Amino acid sequence: MTGQPTPEPPDPGLPARATAVSPTAPVTGPGGRRSLPSGVTRNLGLVIALLLLCAVGVITAGDRFASADNVLTILRLASVIGVVSIGMTFVITAGGIDLSVGAVVGLASVWATTTGTQLLATGVHWIIMVSTALLVGAAAGLINGVLVAYGQIVPFIATLAMLAAARGLAEILANRQTQIIRVRGFLDTFTGNLLGIPVLVWIFALVAVAGWVLLNRTTFGRRTFAVGGNPEAARLAGIRVKRHTMLLYGLVGLAAGIAAVMIMARTTAGSSTHGTLYELDAIAAVVIGGTLLSGGRGTIVGTIFGVLIFTTLTNVFTLNNLSISAQAIAKGVIIVVAVLLQQRIAARSRGG
């Protein structure tokens, strides 16, 4: 009919039918009153949980826990798995999962510390080792992405296959031996401190800031939320869902490559055993942080708190000479409680 306004075309960066809600959007309560955004409330709960853990640490371990050296130890231990968890946040926000990140960390560390790579790095520059680790990680991630997006293989199966293949290839390359790093420039750069803080912690901080900006302030991030909220609606809105999914797995692979560089610096070696069970720790930290396993909602800040909570928990258990088995039980309970809370929050959202 004439005289009616022509509807505007949909924004290609957003789905035609919004199903993913920003965790920082203001919430209006009864009577029009504004309440705290759900993301703020969730992060406040994580802060309280972390503070309670710290209180337990101070009570049970005293100055051994509260010392500056122990705080730096916690941050140093959190940095490697933290980088992996940030990459995992993107994939889970989009409704996927990656079980291969730990094996990819091991493969990247081995490939970057082979005799040939180290000789080349000695003759040229230590950046050769870093580039090798990043390229191996990104390549493994992109292979996962191609299998999931274009091969239509379930993410659980595709990444499980990569886990087995990457771990096996790492063992072959290293001949099941630890490869000692002898490139002095690499060690001097990554094992030192900057302004009294370990370089590894600075790398974690930079990756966290970059991840937050990418997820919350770019079209790439908005498309990630859209794909996780409703892939079909995202496709109808003009988002190339398959390509975006492939890039997300490449991104988590790149994060695994960065983590490989960090663990190489921390242990001064490359090994096929590096990254063992990192996939479980990363998924747990992401879930604890408030990212939905079903996709559509993710938070980098929450993931960081999740990593710190688990690392602090491990540190408290270690200082009190408690067994690894007890640590595993405590982590399992925390994960179950977090998932139950997610389900309750999701049910309340649907009811609202």
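The values are calculated or read from the model by the stated rules, or taken from the named source; none is laboratory data. Everything numeric in this text was worked out from a predicted model, so none of it was measured. So basically every Cβ, Gly included, is an ideal-geometry build from the backbone, and we count neighbours across all protein chains shown. When the accessible area is computed, the model is the full protein with side chains, heavy atoms only, and any ligands, DNA or RNA have been set aside. Shrake-Rupley method; radii C 1.70, N 1.55, O 1.52, S 1.80 Å.
Residues that are of a type in the set (D, E, K, R) and either in contact with a Gly (Cβ under 7 Å, 6 or more places away or on another chain) or without any contact (Cβ under 8 Å) to a residue 60 or more places away in the chain (or both) within the range 233-249 comprise ARG235, ARG240, listed in sequence order. Which of the following residues is open to solvent by 10 Å² or more (accessible area, probe 1.4 Å) and over 22 Å from THR73 (Cα atoms): GLY296, GLY253, GLY229? Of GLY296, GLY253, GLY229, the one residue that is open to solvent by 10 Å² or more (accessible area, probe 1.4 Å) and over 22 Å from THR73 (Cα atoms) is GLY229.
The rows are residues; the columns are (1) hydroxyl-bearing (Ser, Thr, Tyr); (2) closer than 16 Å to PHE225 by Cβ; (3) modelled with pLDDT under 85; (4) open to solvent by 30 Å² or more (accessible area, probe 1.4 Å).
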residue: ASP11; (1), (2), (3), (4): no, yes, yes, yes
residue: GLY29; (1), (2), (3), (4): no, no, yes, no
residue: LEU50; (1), (2), (3), (4): no, no, no, no
residue: GLY82; (1), (2), (3), (4): no, no, no, no
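Figure legend. Inter-residue proximity from the range 323-347: first residues closer than 17 Å to VAL307 by Cβ, second residues at pLDDT 70 or above and aromatic (Phe, Trp, Tyr), beta-carbon distance below 6 Å, spacing 6+ or different chains. Indicated pairs: GLN327/PHE317. Within the range 105-117, which residues are buried (at least 24 other Cβ atoms within 10 Å of the Cβ) and outside any helix (DSSP H, G or I)? Once the filter is applied, which keeps residues that are buried (at least 24 other Cβ atoms within 10 Å of the Cβ) and outside any helix (DSSP H, G or I), the range 105-117 yields ALA112, THR113.
Entry remark, the range 118-168: residues being out of contact with any Gly (no Cβ under 8 Å at 6 or more places or on another chain) and in a loop (DSSP other than H, G, I, E, B) number 6 in total. Candidates in the range 232-248 are the residues that are of a type in the set (D, E, K, R) and either under 13 Å from GLY95 (Cα atoms) or in a loop (DSSP other than H, G, I, E, B) (or both); of these, the one that is most open to solvent (accessible area, probe 1.4 Å) is ARG240. Within the range 192-222, being over 30 Å from LEU72 (Cβ atoms) and either assigned to a helix (DSSP H, G or I) or open to solvent by less than 30 Å² (accessible area, probe 1.4 Å) (or both) holds for THR219, PHE220, GLY221, ARG222. Looking at the range 117-131, is at least one residue among the polar types (S, T, N, Q) and under 20 Å from ARG243 (Cα atoms)? No: the range 117-131 contains no residue that is among the polar types (S, T, N, Q) and under 20 Å from ARG243 (Cα atoms). Looking across PHE225, PHE186, one residue alone is closer than 21 Å to TRP126 by Cα, assigned to a helix (DSSP H, G or I) and not small (Gly, Ala, Ser). It is PHE186. Total residues in the range 72-104 satisfying the condition of being within 25 Å of GLN152 (Cα to Cα) and assigned to a helix (DSSP H, G or I): the figure is 14. Taking the range 153-168 as the range and being β-branched (Val, Ile, Thr) and open to solvent by 80 Å² or more (accessible area, probe 1.4 Å) as the test, the residues that pass are VAL154, ILE157.
GLY289 - would you say it is within 22 Å of ALA226 (Cα to Cα), crowded, with 16+ Cβ neighbours inside 10 Å, small (Gly, Ala, Ser) and at pLDDT 85 or above? Criteria met by GLY289. Kindly provide the set of residues from the range 169-183 that are of a type in the set (S, T, N, Q) and either open to solvent by less than 70 Å² (accessible area, probe 1.4 Å) or in a strand (DSSP E or B) (or both), ordered by number. Of everything in the range 169-183, just one residue is of a type in the set (S, T, N, Q) and either open to solvent by less than 70 Å² (accessible area, probe 1.4 Å) or in a strand (DSSP E or B) (or both), namely GLN179.
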